[in-house]
Amino acid sequence: DAMVIQNPRYQVTQFGKPVTLSCSQTLNHNVMYWYQQKSSQAPKLLFHYYDKDFNNEADTPDNFQSRRPNTSFCFLDIRSPGLGDAAMYLCATSRDLLAQGTDTQYFGPGTRLTVL
Amino acid sequence: AQSVTQPDIHITVSEGASLELRCNYSYGATPYLFWYVQSPGQGLQLLLKYFSGDTLVQGIKGFEAEFKRSQSSFNLRKPSVHWSDAAEYFCAVGARGGGNKLTFGTGTQLKVEL
């Protein structure tokens, strides 16, 4: 089945130690998104890639970076995790950003990040 | 900017009872509206969506939602809840002309009593 895969499902890191979260998709979608979801809060969009074009949300801290080496993979890098970065990180894909909001986003299972 | 309010943080219903989860949105034009469900340890799964046309939308797992422009609402309903429906439910709005960005509500946690 076509799907969105996130690895690892659980990640523990130390304060200030760089960490990378991985997302892959077999849907061949053009757009990939990263969301941060803190406990009891709504998912918050960090950034997205439309093909190779990177689009950062205005309020996403510089501590968060992303890479998309090819259509299938997208990485979230947290350069110096703080305690406040502990959250669930959700990856999503959609076929076409130009669908102007009508395109469905498909989500992976998420990676729960713990910062010690 | 658009926003979504889900006024109920937690809801408990008995299995077999009907369910209604509330969602109110704020947006200057007709929005695109979505309901997603998140089971423990899982990602978000799309239940249904509204773009235009019939204001009563049918989704998966027996869910439906009704778009009411006058009330700025998009409430999710199910006539008979099953224990497996226990999960967190998120309402989201997508902006026309804003690419494909979604703004989510804070979610409603549904508990089903047997």
Test of understanding: extend the Cα→C-beta vector of B:Lys111 to 7 Å, then name every residue of segment B:2-29 with backbone N under 12 Å from that spot. B:10-14
How large is the accessible surface of A:Cys74 in square angstrom, using a 1.4 angstrom probe and rounding to the nearest 10? 0
Under a 5 Å amide H to amide H cut-off, with H placed in plane at 1.01 Å, what residues pair with B:Gly107 once short-range neighbours are removed? B:Gln6, B:Cys91
Can you send over the solvent-accessible area of A:Met3, 1.4 Å probe, protein chains only, in Å² to the nearest 10? 90
Going from most exposed to least, what order do A:Thr93, B:Thr106 have by accessible area with a 1.4 Å probe? B:Thr106, A:Thr93
Distance (nanometres) between label positions extended 7 Å along Cα→Cβ at A:Thr20 and A:Arg67: 0.4
Using DSSP, restrict attention to beta bridges with both residues in the protein assembly as shown and report what percent are antiparallel, rounded to the nearest 5. 90
Sorting B:Lys61, B:Lys78 by accessible area (1.4 Å probe), largest first, what list results? B:Lys61, B:Lys78
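The values are calculated or read from the model by the stated rules, or taken from the named source; none is laboratory data. The structure displayed is predicted, hence computed values, not measured ones. Reconstructed Cβ throughout: ideal geometry from the backbone, glycine too, with neighbour counts over all protein chains shown. Remember, those area values only see protein heavy atoms, side chains included, never the ligands or the DNA or RNA. Shrake-Rupley method; radii C 1.70, N 1.55, O 1.52, S 1.80 Å.
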